[in-house]
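Below: the structure, in structure tokens.
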Amino acid sequence: MSVRCCVAGGGPAGVMLGLLLARAGVEVLVLEKHADFFRDFRGDTIHPSTLEVMHELGFLEDLLQLPHQRVPRLIAQFGGLALTFADFTHLPTHCGFIAFMPQWDFLNFLAARGARYPTFKLRMRAEVTGLIEEAGRIVGLHATTPGGPLEVRAGLVVAADGRHSVLRDKAGLRIDELGAPMDVLWFRLSRRPGDPEDPRGRFDIGRIFIMLNQGRHWQCGFVIPKGSLERLQARGLQAFRESVAQLAPFAADRVGEIANWDTVKLLTVRVDRLRQWYRPGLLCIGDAAHAMSPVGGVGINLAIQDAIAAANLLAVPLRGGRLTTEDLEQVQRRREWPTRVTQRLQIFMQNRVIRRVLGSAEQIQPPFAIRLVARFPLLSRIPARLIGIGVRPEHVQTPAG
Ligand SMILES: Cc1cc2nc3c(=O)[nH]c(=O)nc-3n(C[C@H](O)[C@H](O)[C@H](O)COP(=O)(O)OP(=O)(O)OC[C@H]3O[C@@H](n4cnc5c(N)ncnc54)[C@H](O)[C@@H]3O)c2cc1C
């Protein structure tokens with residue numbers, strides 16, 4: 001099989017890039033190893049900047065027909081004190097809120113829009129296993145499918161295969177590990193009439209607990225010091241349930257739904273970044289180029305921004321069959337700075353807030369910056385901008401058709 005561009009990975013970065021390139025008339029094949037998009041929780045946030053891009057593409061109205069929750073403000077609770085630290089309602093975007101929508105609905109939506117273009121192909125259950133290299137240049141990839149092995153030749157291979165990217169390893173690209181002091185345990189609790197609507201983030205003595213409203217259930221994140229799962233498990237499931245009940249008293253009546261440790265999934269948090277995002281014929285984007293900390297919930301947004309920048313810079317040379325390695329370097333140049341700034345802010349928050357809370361034996365005061373924002377609500381527009389729009393937001397410049 002031969003295409004102009006082959007994208008490994010049908011996550012937010014891969015599907016968005018496939019859609020934008022196909023829309024610009026570039027023949028593109030996206031390979032996704034799973035049979036569908038309906039799988040483990042990997043974040044459900046669609047940020048104002050992504051919603052703005054949906055508007056630019058003319059998709060916004062239809063997207064917002066899908067079930068979602070609108071979150072105009074983020075609230076952090078320190079002990080008994082609840083503080084608004086980000087207010088999205090003043091952002092200069094069409095949507096002054098984060099839309100919480102199951103990621104599989106969002107990906108299905110993008111894939112369905114892509115399928116409107118004859119140049120877009122998405123192949124599920126196609127697991128990419130390796131690269132084809134000739135004379136120092138990547139010229140394609142190998143994949144396994146239920147129908148047997150698949151070899152794809154492509155003018156450009158894009159690794160959008162996430163934080164455990166096979167392709168970046170196979171390409172021998174060097175990674176800088178930036179470190180994280182925590183891991184996150186994810187599990188679900190049912191939602192009941194009378195429960196709050198808003199997402200919650202609670203910083204308590206030695207504990208951080210996040211609850212995201214997913215309609216019929218709460219997606220819960222219990223933040224633990226890195227590598228401490230075994231110790232937590234040794235204290236027993238009942239002790240864990242009691243901790244959850246203390247952190248979310250309104251849900252104390254249903255912590256029994258945490259039936260066993262199998263229902264609690266461990267996210268090993270890693271923050272890393274490739275030194276070089278490309279090789280001749282290959283480009284890495286999204287988590288494959290830079291795994292993000294969950295702080296601020298911006299990984300999906302960054303992945304989408306990478307896809308837009310890549311499409312803006314590469315669609316024309318790809319379509320004309322004259323893509324150069326300098327074009328790929330341009331993508332890294334464009335996206336490395338926003339990635340660095342965002343990761344630096346995340347690491348600052350990890351060290352200044354998360355590490356301190358997880359290591360505390362008594363209730364810590366909210367950090368000065370958050371107290372300041374709570375005191376002067378106008379200031380909540382700054383974190384709103386950083387989280388909701390991010391650094392150097394991208395806009396669609398690729399032509400339609
Ligand atoms: C538990 C959890 C919670 C998170 N919460 C949030 C949040 O609230 N907000 C937020 O913005 N971000 C969140 N994130 C981070 C977010 O999921 C990622 O930053 C974002 O999905 C990155 O997008 P991506 O397309 O680069 O990679 P991914 O979303 O990881 O997509 C990679 C895709 O490639 C596929 N793939 C992998 N290997 C292969 C292969 N060999 N062949 C073919 N396909 C392959 C995978 O199945 C996947 O579909 C969370 C992550 C996790 C794990």
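Using 1/(1 + (r/R0)^6) with R0 = 25 angstrom and r between the beta carbons of GLU56 and ARG340, what's the FRET efficiency to the nearest 0.05? Write down the numbers at each step before the final one.
Details: r = 26 Å, r/R0 = 1.02.
E(calc), rounded to 0.05, equals 0.45.
Just to be sure I follow the definition: excluding the sites themselves, where is the longest run in the chain that has none of the GluC sites (Glu not before Pro) in a DSSP loop with at most 11 other Cβ atoms within 10 Å?
Value returned for the longest uninterrupted segment is 1-196.
Could you pull out every whole DSSP H run in the chain that spans at least 20 Å of Cα extent along its own axis and averages -1.0 or higher on the Kyte-Doolittle scale? Intermediate results must be reported in sequence, preceding the final value.
Details: long enough: 299-320 (32 Å, 1.04); 325-349 (35 Å, -1.20).
Sorted by number, the helices that extend far enough and score high enough are 299-320.
Quick one: with all protein chains in place, what share of the accessible area of the stretch 190-232 is carbon or sulfur, to the nearest percent (1.4 Å probe)? The partial results should precede the final answer.
Details: 1040 of 1980 Å².
Within the stretch 190-232, the accessible surface is 53 percent carbon and sulfur.
What is the extension gain from ALA400 to THR325, computed as 0.36 nm multiplied by their sequence separation minus the C-alpha to C-alpha distance, in nm to one decimal?
Values: separation 75, 0.36 × 75 = 27.00 nm, distance 2.49 nm.
Full-extension gain reported as 24.5 nm.
Per the 1.4 Å probe, what fraction of the accessible area of the stretch 101-184, in percent, lies on carbon and sulfur atoms? The partial results should precede the final answer.
On the way: 1900 of 3780 Å².
Accessible surface attributable to carbon and sulfur in the stretch 101-184 totals 50 percent.
Just to confirm, what accessible area per residue do you get for the stretch 1-150 at 1.4 Å probe, in whole Å²?
Accessible area per residue, the stretch 1-150: 40 Å².
Tell me, what % of the accessible area of the stretch 253-331 is carbon and sulfur with a 1.4 angstrom probe?
50
If you count only protein heavy atoms with a 1.4 Å probe, what accessible area per residue comes out for the stretch 176-264, rounded to a whole Å²?
Working: 4140 Å² over 89 residues.
It amounts to 47 Å² per residue over the stretch 176-264.
Note down the relative contact order for the stretch 170-260 as a percent, whole number, built from C-alpha pairs under 8 angstrom at least six residues apart.
Reported as a whole number, the value is 28 percent.
Grab the DSSP H runs of the chain that are 4 residues or longer, score each as -39,500 (n - 2.57), total them, divide by all residues and round the 222 nm result to the nearest 500 deg cm²/dmol.
After summing the helix terms and dividing by the residues of the chain, the value is -9500 deg cm²/dmol.
Can you give me the distance in nm between label points at ARG137 and ARG241, each placed 7 Å from the Cα along the Cα-to-Cβ direction?
If labels sit at ARG137 and ARG241, their model points lie 6.2 nm apart.
Tabulate in residue order the Karplus-calculated ³J(HN,Hα) for the stretch 264-271, using 6.51 cos²θ - 1.76 cosθ + 1.60 with θ = phi - 60°, rounded to whole Hz; enter x for Gly and Pro.
Along the stretch 264-271, the couplings run 10, 9, 8, 9, 7, 6, 9, 10 Hz.
Counting pairs of alpha carbon atoms under 8 Å apart in space and at least six apart in sequence, what relative contact order in percent does the stretch 190-330 give? Display every interim value, and only then the final one.
Details: 128 pairs, mean separation 18.1, N = 141.
Reported relative contact order: 13 percent.
Collect residues whose amide H, placed 1.01 Å from N in the peptide plane, falls under 5 Å from the amide H of LEU282; neighbours closer than 5 in sequence don't count.
Those lying under 5 Å, H to H, from LEU282 are ILE138, VAL157.
For GLU177 and ILE205 in the same chain, what is the full-extension length gain: residue separation times 0.36 nm, less their Cα-Cα distance, in nm?
7.2 nm
What nm distance separates the two modelled labels at ARG231 and ARG275, each placed 7 Å from Cα along Cα→Cβ?
Roughly 3.5 nm, to one decimal.
Amide H to amide H, which residues 5 or more places from GLU133 or on other chains are under 5 Å from it, using H placed in the peptide plane?
Here VAL139 satisfy the definition.
With a Förster radius of 60 Å, plug the Cβ-Cβ distance of GLU257 and LEU378 into 1/(1 + (r/R0)^6) and report the FRET value to the nearest 0.05.
Values: r = 41 Å, r/R0 = 0.68.
The value I calculate is 0.90.
Working out 0.36 nm times the residue gap between ARG42 and LEU81, then minus their Cα-Cα distance, what length gain in nm do you get to one decimal?
On the way: separation 39, 0.36 × 39 = 14.04 nm, distance 2.88 nm.
Computed gain between ARG42 and LEU81 is 11.2 nm.
Within the stretch 171-220, which trypsin sites (Lys or Arg not before Pro) sit in a loop by DSSP and count at most 14 neighbouring Cβ atoms inside 10 Å?
ARG174, ARG216
Under a Cβ-only charge scheme (Lys and Arg +1, Asp and Glu -1), can you give me the dipole magnitude of the stretch 89-192 about the Cα centre, in debye to the nearest 20?
The calculation lands at about 520 debye.
Taking only protein heavy atoms and a 1.4 Å probe, what accessible area per residue, in Å², does the stretch 270-329 have with all protein chains in place?
Ligands and nucleic acids excluded, the result is 26 Å² per residue.
Run the numbers on the chain and let me know its relative contact order in percent, using alpha-carbon pairs under 8 Å that are six or more apart.
24
The values are calculated or read from the model by the stated rules, or taken from the named source; none is laboratory data. Since the structure is predicted, the reported quantities are computational estimates derived from the model, not experimental observations. Positions of Cβ are backbone-derived with ideal geometry, glycine not excepted, and every protein chain shown enters the neighbour counts. Just so you know, the surface numbers come from the protein's heavy atoms only, side chains and all, with ligands and any DNA or RNA stripped out. Shrake-Rupley method; radii C 1.70, N 1.55, O 1.52, S 1.80 Å.
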